1. Below 17 Å, Cα to Cα, which lysines can Lys253 reach? Residues fewer than 8 away in the same chain don't count.
2. With the Cα gyration tensor of the chain in hand, convert its eigenvalues to equivalent ellipsoid semi-axes via √(5λ) and list them largest first in whole Å.
3. Suppose we keep just the alpha-carbon trace of the stretch 224-326; what are its Rg and Dmax in angstrom?
4. Give, as a single signed number, the net charge of other residues whose beta carbon lies under 12 Å from the beta carbon of His149, with Lys and Arg counted +1 and Asp and Glu -1.
5. What area, in nm² and to one decimal, does the C-alpha convex hull of the stretch 1-106 cast on average over all directions?
6. With each label point set 7 Å from Cα along the Cα-Cβ vector, what nm distance links Glu233 and Lys59?
7. Report the local net charge at Lys36: Lys and Arg +1, Asp and Glu -1, summed over other residues whose C-beta lies under 12 Å from its C-beta.
8. So if I restrict to the alpha-carbon atoms in the stretch 1-51, what is the Rg, and what is Dmax, the biggest pairwise distance, in Å?
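Values in this text are rule-based calculations from the coordinates and carry no lab data. Fair warning: this is a prediction, and the values are worked out from it, not measured in the lab. A quick note on method: Cβ atoms are made from the backbone with ideal geometry, for glycine too, and the neighbour counts reach across all protein chains shown.
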Amino acid sequence: MQGENLRENLLLGMGNPLLDISANVDKQFLQKYNMKENNAILADESHKNLTGDLIDQYKAEFIAGGSVQNTLRVAQWLLEKPRVTTFFGCVGTDKYSQILKEGAQSEGVNVIYQLNDTVPTGTCAVLITGPNRSLCADLGAANCFTIDHIKNPANRKLIEGAQYFYISGFFLTVSPPTILETAKHALANDRPFIMNLSAPFVSQLYKEPLMQVMPYIDLLFGNETEAETFATEQNFGTKDLKEIALKICKLPKQNEARSRVCVITNGHNPVILARDGKITEYPVDVLTREQLVDTNGAGDAFAGGFLAQYIQEQPLDVCVRCGVWAATQIVQRSGCTFSGKATFQ
Ligand code: 26A
């Protein structure tokens, strides 16, 4: 897929670059760390031995991760033309950041990291139990990202040159001022500003910065648990995903000329897309238990597939179909990884 309207730096993403340390574990191991089967959390004192245990006891694999970086890697895989996407995030000056950078760059992402020479690159423990994945991120250097990175002249140019902006809800834990500044820039230039709910804790613990940026969001992704938690926190008075998606679209919006699109994925159930007071549902390919290897990165891959089409101004149903296709590929492999040419039609 190489559209004629593709150019370098069309889509600029920001997030936490993390190296995933991933293993299949048993339920007792989850319990030991007081973790749920399917969740994403920030590490605290109680998780300090977690990655060490994963490596020693479960032969953990090291895989490039970080939600937005995953999304851009998947988009690049589909787009084929290098550097259509640019990524900003903060890493340490260590071996892990080299692995991350080489991985994402070789897959076509233009990686522009902010460097921190005192804090190590962030990691994310990925605990897989059958079809579920539980994530525990130790952000490390990712948490040291500062707004200076988008103020430096070379990076400012990249922001000015980009047409689409994608930032995870996860990044609200790191730099709300950077998100707001980017959102305002997108608004002033009538360019799409795209976010992801990322995890239930974001709507709960980062409610205020999330709602501060909400009026700027033109396109919002989330999964079923994230949407339900958001609805509870906002007192929507419903658990119905379609109603929630419609209500999210109706939240106050700065750029009224561009109606908000809300896309909720729901595991193997149909994807829900809300826009202009209407819902459209799209079926998902149901895989067998044997085909389903690892759901880590499924949501990121969905966003990557969707955005690969969206930035080519394809109709929304093509965007969703491509998102579903990409997620279906990624869940059949360990981590957010792929190989060969993308064959989406
Ligand atoms: C702030 N937090 C918790 C996070 C993350 C995260 N990426 C950014 N910030 N917690 C987990 N991830 C990433 O999500 C991917 C799967 O969707 C993991 O690194 C994993 O690759």
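1. Within reach: Lys184, Lys207.
2. Semi-axes, largest first: 27, 24, 21 Å.
3. In order Rg, Dmax, the Cα atoms of the stretch 224-326 give 14.3, 46 Å.
4. 0
5. Result: 8.1 nm².
6. Placing both labels 7 Å along Cα→Cβ, they lie 3.9 nm apart.
7. +1
8. 18.3, 52
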